[in-house]
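Asker: To start, I am sharing the structure in question, which I have written as structure tokens.
What follows draws every value from the coordinates through simple rules; no lab data is involved. Since the model is a prediction, treat every value here as computed from it, not as a measurement. Neighbour counts run over all protein chains shown; Cβ positions are idealised from the backbone, glycine included.
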Amino acid sequence: MEFRKLPPVQEQIMKCVRCGKCRSVCPVFDEIRNETAAPRGHVFMVQMLRDGQVSPRQEVYDRLANCLLCETCSVNCPSGINVHELNAAARSYIYEENPSIGKELIFDTMWTRPALLRTSTKIMSGLQKLGLQSFARNTGLTRILPGDLPRAEKIMENIPARPARSRLRKINRARGEKKYTVGYFLGCGTDMFNPDVALATVDVLTRNGCDVLIPQDMKCCGLPHIANGKMGTARLLAVHNIKIFNSYNLDYIVSDCASCTSALSRKNMEFLLGGLKIEDEAYNFSEKVIDLNRFLVEIIDIEVPANKSKDKEQTRVTYHDPCHLANAQGIKEQPRELLKRIPGIDYVEMKDANRCCGGSGTYSLTHYDLSMKILDRKMDNVMVTGADKIATCCPSCSLQLRHGVSRHNFKCEVVHPVELVSQSYPKTLPVK
Ligand code: SF4
Ligand code: SF4
């Protein structure tokens, strides 16, 4: 779809009253303090692009790509402008005029083929084990990667050797009385970087009356593609996933990943596929999509048993709101409620829990220095809580926070709430 005809570009720009509210809440503006880095500046930039006053060149892309797409500006804009959508649409328009081989390789060749993506992470994991990651770094092999990836690859240290998909069955039956049939949208980040989260998700869902189906042919949710100017590829991925999941008779489509549920939401489907032939199919699909925390609290109304094998000491847990859960979907209470229902947890709220951690998908890999400044602010707020564990619901936030914990030598584990729930049950995981 042509950039100028996209609904946010056509209809929303004119609603900007230049109040600057978005600027006052933007974590990137907070660091850079320059109007070109502010959401309001991005709105002007997109307007100028639309009207042909600036050309779609790389320099403009780079300015827009400073943004985390955290949606803080959008949820605070009094005129209801989806600033992040304007930004993403403009990135895609500019990228089409300035394509790069590195991005084509990563986002079109690898990230659209789950098996290839898993193989590449296995290779990275193998390189880490053999100590060859530093060899690749020192010899400059990593320099062929785009953006700050050569410096930022230390964020992805300790990649698990076995992705979740190789450890989970396609069909996982409910234990006890069956209540629901759910499709599990197992995102790439959970699959490759947090496989224990996927095992815990299937464990907790099956223990609570769900048949869990994991379609083997699902692909990435497309959010990394939207962030990197590849909206066309994100559309193809969305259409693929809609067709796969709609071919099953499911009550819900659940994901433990905030980015995935936001990418599969009605709002994002309207942005990507609105006005296209597939839109009705897309909206039927989105209606079933639900975040795991919300599903466990609101639909299952879960009761978590006390873990008898654990000592009586309380575990202090704090919670970081992923932007794609709190801003994109308005889900803030349910993960906290879930944590508070776990016996033995002493929940402590951190200051500015809903402030972005700077991870934002691939942002920490492409904007390492800026991302670290944002992360360090987050870690200050984490550390004063004295928490033993930081809970969060997004693989990108988890990677970033683990990096923050290690940067600050802070003794703390980063977990998904569902892992803590699963640990309360006696262990018998449904693994292959
Ligand atoms: S908050 Fe909304 S209306 Fe105000 S300057 Fe930002 S985009 Fe414009
Ligand atoms: S999406 Fe986040 S980082 Fe980007 S302009 Fe808005 S508030 Fe700033």
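Asker: Wrap a convex hull around the Cα atoms of region 315-423, take a quarter of its surface area, and give that in square nanometres. Mind showing how you got there, number by number?
Answerer: Values: hull surface 24.7 nm².
Averaged projected hull area, Cα only: 6.2 nm².
Asker: Now a separate question. For the chain, what is one quarter of the convex hull surface built on the Cα atoms, given in nm²?
Answerer: The directionally averaged projection comes out at 20.1 nm².
Asker: Would you mind checking which residues have amide H under 5 Å from Val289's amide H? H placed 1.01 Å from N; only 5 or more apart, or other chain.
Answerer: Placed amide hydrogens put Ile253 under 5 Å from Val289.
Asker: Identify the GluC sites (Glu not before Pro) of region 1-36 meeting these criteria: DSSP loop state and at most 11 other C-beta atoms within 10 Å of the C-beta. Could you put the intermediate results ahead of the total?
Answerer: Working: sites: Glu2, Glu11, Glu31, Glu35; in loops: Glu2.
Passing sites in region 1-36 are Glu2.
Asker: Restricting to Cα atoms and excluding each atom paired with itself, what does the Kirkwood estimate give for region 235-335 in Å? Could you put the intermediate results ahead of the total?
Answerer: Numbers: mean 1/r = 0.0651 Å⁻¹.
Answer for region 235-335: a Kirkwood hydrodynamic radius of 15.4 Å.
Asker: Where does each of 404-411, 218-225 land if you order them by average Cβ count within 10 Å, highest first? Write out the running numbers ahead of the final one.
Answerer: On the way: 404-411: 14.6, 218-225: 25.0.
Final packing ranking: 218-225, 404-411.
Asker: With runs of 4+ DSSP H residues as the only contributors, calculate the mean residue ellipticity of the chain at 222 nm using -39,500 (n - 2.57) per run, divided by the residue total and rounded to the nearest 500. Could you put the intermediate results ahead of the total?
Answerer: Working: 22 runs with 197 residues, N = 432.
Estimated from H runs of four or more residues: -13000 deg cm²/dmol.
Asker: Then there is this: Only Lys, Arg, Asp and Glu count, each charged at its Cβ (+1, +1, -1, -1), so figure out the dipole size of the chain about its Cα centre, rounded to 20 debye. Show your work: numbers first, answer last.
Answerer: Details: 59 positive and 48 negative charges, 170 e Å.
Using Cβ point charges on Lys, Arg, Asp and Glu, the chain gives about 820 debye.
Asker: Now for a different question. Tell me the label-point distance for the pair Ile278, Val348, using the 7 Å Cα-to-Cβ offset, in nm and rounded to one decimal.
Answerer: Here the answer is 4.7 nm between the modelled labels.
Asker: With unit charges on the beta carbons (Lys and Arg positive, Asp and Glu negative) and the dipole taken about the Cα centre of the chain, which residue among Ile226, Ile214, Pro160 sits farthest to the positive side?
Answerer: Pro160
Asker: Something else now. Write out the trypsin sites (Lys or Arg not before Pro) in region 271-310 meeting two conditions: DSSP loop, and at most 16 other Cβ atoms within 10 Å of their Cβ. Show your work: numbers first, answer last.
Answerer: Details: sites: Lys277, Lys288, Arg294, Lys308, Lys310; in loops: Lys277, Lys308, Lys310.
Loop-located and lightly packed - Lys277, Lys308, Lys310.
Asker: Between rounded, prolate and oblate, where does region 3-97 land on the alpha carbon gyration tensor, with a ≥ b ≥ c its root eigenvalues, rounded for a/c under 1.5, else prolate if a/b exceeds b/c? Intermediate values should be presented prior to the final figure.
Answerer: Values: a/c = 1.77, a/b = 1.24, b/c = 1.44.
Oblate is the answer for region 3-97, as a/c is 1.5 or above yet b/c matches or exceeds a/b.
Asker: Additional query: What is the sum of charges around Arg341, taking Lys and Arg as +1, Asp and Glu as -1, for the other residues whose C-beta is under 11 Å from the C-beta of Arg341? Show your work: numbers first, answer last.
Answerer: Numbers: positive: Arg336, Lys340; negative: Asp301, Glu303, Glu337.
Net local charge, Arg341 excluded: -1.
Asker: Report the Cα centroid-to-centroid distance between region 362-392 and region 23-38 in angstrom, as an integer.
Answerer: About 18 Å separates the Cα centre of region 362-392 from the one of region 23-38.
Asker: Only loop residues by DSSP count here, and only those with at most 15 other Cβ atoms within 10 Å; note down the chymotrypsin sites (Phe, Trp or Tyr not before Pro) in region 237-317 that meet that. Don't skip to the answer; put the middle values down first.
Answerer: Details: sites: Phe245, Tyr248, Tyr252, Phe271, Tyr283, Phe285, Phe295; in loops: Tyr248.
Hits after loop and neighbour filter: Tyr248.
Asker: Further question on the same structure: Quote to one decimal, in nm, the extra length available between Thr315 and Glu2 on full extension: 0.36 nm per residue of separation minus the C-alpha distance between them. Before the final figure, lay out each step's value.
Answerer: Details: separation 313, 0.36 × 313 = 112.68 nm, distance 5.22 nm.
Contour length minus Cα-Cα distance gives 107.5 nm.
Asker: Only four residue types carry charge here, +1 at the Cβ of Lys and Arg and -1 at the Cβ of Asp and Glu. Report the dipole size of region 315-423 about the Cα centre in Debye, rounded to the nearest 20.
Answerer: Numbers: 14 positive and 12 negative charges, 17 e Å.
I would put it at about 80 debye.
Asker: Let me know the charge dipole size of region 222-312 about its Cα centre in debye, to the nearest 20, where only the beta-carbon of Lys, Arg (+1) and Asp, Glu (-1) is charged. Please list the in-between numbers first.
Answerer: On the way: 11 positive and 12 negative charges, 72 e Å.
Here region 222-312 has a charge dipole of around 340 debye.
Asker: Full-extension gain between Asn76 and Glu287, please, as 0.36 nm times their residue separation minus the C-alpha to C-alpha distance. Write out the running numbers ahead of the final one.
Answerer: Values: separation 211, 0.36 × 211 = 75.96 nm, distance 2.50 nm.
That pair, Asn76 and Glu287, stretches by 73.5 nm at full extension.
Asker: Something else: At R0 = 41 Å, how high is the FRET efficiency between Val384 and Lys243 if r is their beta carbon distance? Nearest 0.05 is fine. Kindly include the intermediate steps, with their values, before the conclusion.
Answerer: Numbers: r = 48 Å, r/R0 = 1.17.
After rounding to 0.05, the efficiency reads 0.30.
Asker: State the answer as a single residue: which of Tyr252, His324, Ile299 lies farthest towards the positive end of the charge dipole of region 237-376, with beta carbon charges of +1 for Lys and Arg and -1 for Asp and Glu, about the Cα centre.
Answerer: Value: His324.
Asker: Report, in listed order, any pair from Lys389/Lys411; Lys103/Lys230; Lys178/Lys340 with a Cα-Cα distance greater than 18 Å. Before the final figure, lay out each step's value.
Answerer: Values: Lys389/Lys411 9 Å; Lys103/Lys230 9 Å; Lys178/Lys340 26 Å.
Long pairs (Cα-Cα over 18 Å): Lys178/Lys340.
Asker: Can you pull out the cysteines in the chain that have no other Cys Cβ under 4.7 Å?
Answerer: Those would be Cys16, Cys19, Cys26, Cys67, Cys77, Cys188, Cys210, Cys220, Cys357, Cys393, Cys412, since no other cysteine Cβ in the chain comes under 4.7 Å of theirs.
Asker: I would also like to ask the following. Return the long-range amide H neighbours of Glu413 (sequence gap of 5 or more, or a different chain), with a cut-off of under 5 Å between placed amide H atoms.
Answerer: Counting only residues 5 or more places away or on other chains, the set is Lys389, Ile390.
Asker: While we're on this one: Leaving out same-chain residues fewer than 8 places away, which aspartates and glutamates sit with a Cα under 16 Å from that of Lys332?
Answerer: Glu71, Asp256, Asp291, Glu298, Asp321, Glu349, Asp352
Asker: Which Cα, out of Pro417, Val60, Met48, lies furthest along the positive dipole direction of the chain (beta carbon charges, K/R +1, D/E -1)?
Answerer: Result: Pro417.
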